[in-house]
1. Could the peptides 205-213, 231-239, 114-122, 345-353 be put in order, highest first, of the mean number of other beta-carbon atoms found within 10 Å of their residues?
2. Relative to the present Cα-Cα distance, how much length would full extension add between H324 and Q181 at 0.36 nm per residue of separation?
3. Ignoring ligands, DNA and RNA, what percent of the 1.4 Å accessible area of the range 151-216 is carbon and sulfur?
4. At 0.36 nm per residue, and after removing the present C-alpha to C-alpha distance, how many nm does the segment from K56 to D137 gain when stretched out fully?
5. Cross-link partners among lysines for K109, C-alpha distance below 18 Å, same-chain residues fewer than 8 apart left out?
6. Would you mind working out the accessible area per residue for the range 152-266, using a 1.4 Å probe, and quoting it in Å²?
7. Starting with the highest mean, order 159-167, 181-189 by the number of other Cβ atoms within 10 Å, averaged over the residues of each peptide.
8. Note the full-extension length gain between A152 and N188 as 0.36 nm times their separation in residues minus their Cα-Cα distance, in nm to one decimal.
Amino acid sequence: FGFRDLGISFRDQISKLCMHAGPLLDRPRAVSTSGSTWHPVPVTMPVDPELSRLEKVLRYVSGLGQSAARKSTWLTEATRDFVVTAAGRGNAVGGFGLELSHDRKRDRKRRVKLRETALKVLAVLATEAANAVPMWDHPATREAIVHCSSLAAPADRKCREHALGALVNLTYKTDTHPNTQILVSMWNDLTARRALVYSSFLAASADRECRERALTVLTNLAYANANKELMWKDDDAMQALVHCSTLAEPGDRKCRGHALQCLMNLACADANAGPMWTHPATRLALVESSALAEPADRVCREYALAVLANLAFSEANRLEMWQHLATRQVLVDGSNLAEPADRECREQAWFALVKLVEDPQVIA
């Protein structure tokens, strides 16, 4: 006794079972047609109006020659509030008045996608010099960016990357973009400072982009004279910079370069010259980086030699730096580099040696 005895083909019976099991399996149902061909029932996913609007704004402000679009978008209150709300914590449940989906996992993905796109828009808007100060001074925008730059869940990694990218753009300094006000304010923002230091310590390869952007922000903050001494005195920030200046993996070259560049900026402050030279871990990191010989490490070597050159400005450091054999050796080796591509390294080494011999005890 079987399906054939009932006049029902086995294929049609399985088709009916699949139709009834479809809702339970949460997958498109399949129905049989004439012959042996099976066709899934087409499923139309609802369009998310908020996500569509964010993506439209992103396309509008992205690309070269969109300066006017970025300015007008920030100045349009309705659009600005919409983007900031999506990037902030206000969309934790449901988002923008929509009912919470029964599928919480899908709803979570939706909220992350909304936030990620909104943060990407803010990062693009921050590239416009005229927007930088107004964006940082806007409380809701600052809170959203700073909060998202400290998100720790793996699912929020892209959101954290875009938030840190926004901070990079806000702190980017050019001759036509005087943002010292932002640099000082951002360093004094405890939440932002902790987020940057935390991201600088991220060790997973998947978090490399976040670490690189956090170190870029710290480097930009170190351009402000008012921040230099405070940043070196901050133990967590100092340890993060020293640690990253010793990263040896090829994929970490940019992170190492940013850390050394930040130390170069900090070494410009007279108050930091003595403590930086007498700090054993910092001195070791500088000597090791100044001895890097691979062409791919040329930028790191240049920044390390530049740090030593800045430290040589301090009269109190000169005799000790000359008497430190490893430091003397890397400076002499750097001054003898002959490749045209090593010109910057050679100049920094020569500059350091010139400052050292200004001390009468060195040439005695």
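The values are calculated or read from the model by the stated rules, or taken from the named source; none is laboratory data. Computed from a predicted model, the values in this text were never measured in an experiment. Backbone-built Cβ (ideal geometry, glycine too); neighbour counts: all protein chains shown. These area figures cover heavy atoms from the full protein model, side chains too; ligands, DNA and RNA do not enter into them. Shrake-Rupley method; radii C 1.70, N 1.55, O 1.52, S 1.80 Å.
1. Values: 205-213: 19.1, 231-239: 17.1, 114-122: 25.4, 345-353: 21.6.
Result, highest mean first: 114-122, 345-353, 205-213, 231-239.
2. Separation in residues times 0.36 nm, less the Cα-Cα distance, equals 47.5 nm.
3. 53 percent
4. Fully extending the segment from K56 to D137 adds 26.6 nm.
5. Those lysines meeting the cut-off are K120, K158.
6. 41 Å²
7. 159-167, 181-189
8. Result: 10.7 nm gained on full extension.
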